[in-house]
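K.L.:
Next up is a structure, given as structure tokens.
Just so it is clear, none of the values below were taken in a lab; they were calculated from the coordinates. Computed from a predicted structure; not experimentally measured. Because the Cβ atoms are built from the backbone with ideal geometry, glycine has one as well, and the counts that use them run over all protein chains shown.
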Amino acid sequence: MSGDAQADIGLIGLAVMGQNLILNMNDHGFTVCVFNRTVSKIADFLNNEAKGTKIVGAKSIEDMCRQLKRPRRIMLLVQAGAAVDAMIDAIIPHLEAGDIIIDGGNSDFNHSNRRAEQLQSKGLLFVGCGVSGGEDGREIVDPSTEILFSVQKKVNTNRKVWNY
């Protein structure tokens, strides 16, 4: 658990979805810094499922933010609702303008809009990006990707705005 900026993204929440997403990011070449409210879960994850990977742990939110390359990207996979707000409030003091918070929970869109406005007023960026589907999610999404990808919005550089 070092303090040098080395991680591409931070992820908070080491339940099953968080662990699997972290391992997936690692498999795709990204260095992930992990944090969990129950700190003992971090060492357990690093010494078991994440053993031998580039995944790093943080002993606090401040430590996690120090380990992230700029602009910092932090993804939350915590229970929707008050837990998301509490985590955002805890993260804000350690961020700077241009840093990004991604809510990976299934938050109500009204809450996401409120959070985006709150963070924008501080120069921070917010993405509401619910991650769901469980272990079988890809089997459900795959038959629809051709249609979804063909109609997705593109920015003026012809890059896709949304991608799987």
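K.L.:
Take Ser112, Ser60, Ser150 and order them by how many other Cβ atoms sit within 10 Å, fewest up front.
P.N.:
On the way: Ser112 19, Ser60 13, Ser150 7.
Ordered by Cβ neighbours within 10 Å, fewest first: Ser150, Ser60, Ser112.
K.L.:
Give the value in nm², to one decimal: projected area of the alpha carbon convex hull of region 9-132, averaged over all directions. Mind showing how you got there, number by number?
P.N.:
Details: hull surface 27.2 nm².
Orientation-averaged projected area of the Cα hull: 6.8 nm².
K.L.:
Separate question: Measuring from centroid to centroid over Cα atoms, what is the spacing of region 33-97 and region 99-130 in Å?
P.N.:
Taking the Cα centre of each part, region 33-97 and region 99-130 sit 17 Å apart.
K.L.:
Another question, then. Of the options Gln120, Met64, Ala86, report the single residue whose Cα projects farthest towards the positive end of the charge dipole of region 9-132 (beta-carbon charges: Lys, Arg +1; Asp, Glu -1).
P.N.:
Farthest along the dipole direction, towards plus: Met64.
K.L.:
Please compute the length gained on full extension between Thr53 and Ala86, using 0.36 nm multiplied by the number of residues separating them and subtracting their Cα-Cα distance. Present the calculation step by step, with values, prior to reporting the outcome.
P.N.:
On the way: separation 33, 0.36 × 33 = 11.88 nm, distance 2.97 nm.
Gain on stretching Thr53 to Ala86: 8.9 nm.
K.L.:
Arranged by the count of other C-beta atoms within 10 angstrom, fewest first, what order do Glu49, Glu146 take?
P.N.:
Working: Glu49 14, Glu146 8.
Ascending number of Cβ neighbours within 10 Å: Glu146, Glu49.
K.L.:
About the Cα centre of region 14-109, how large is the charge dipole given +1 on each Lys and Arg Cβ and -1 on each Asp and Glu Cβ? Please answer in debye to the nearest 20.
P.N.:
Numbers: 10 positive and 11 negative charges, 84 e Å.
That gives region 14-109 a dipole magnitude of about 400 debye.
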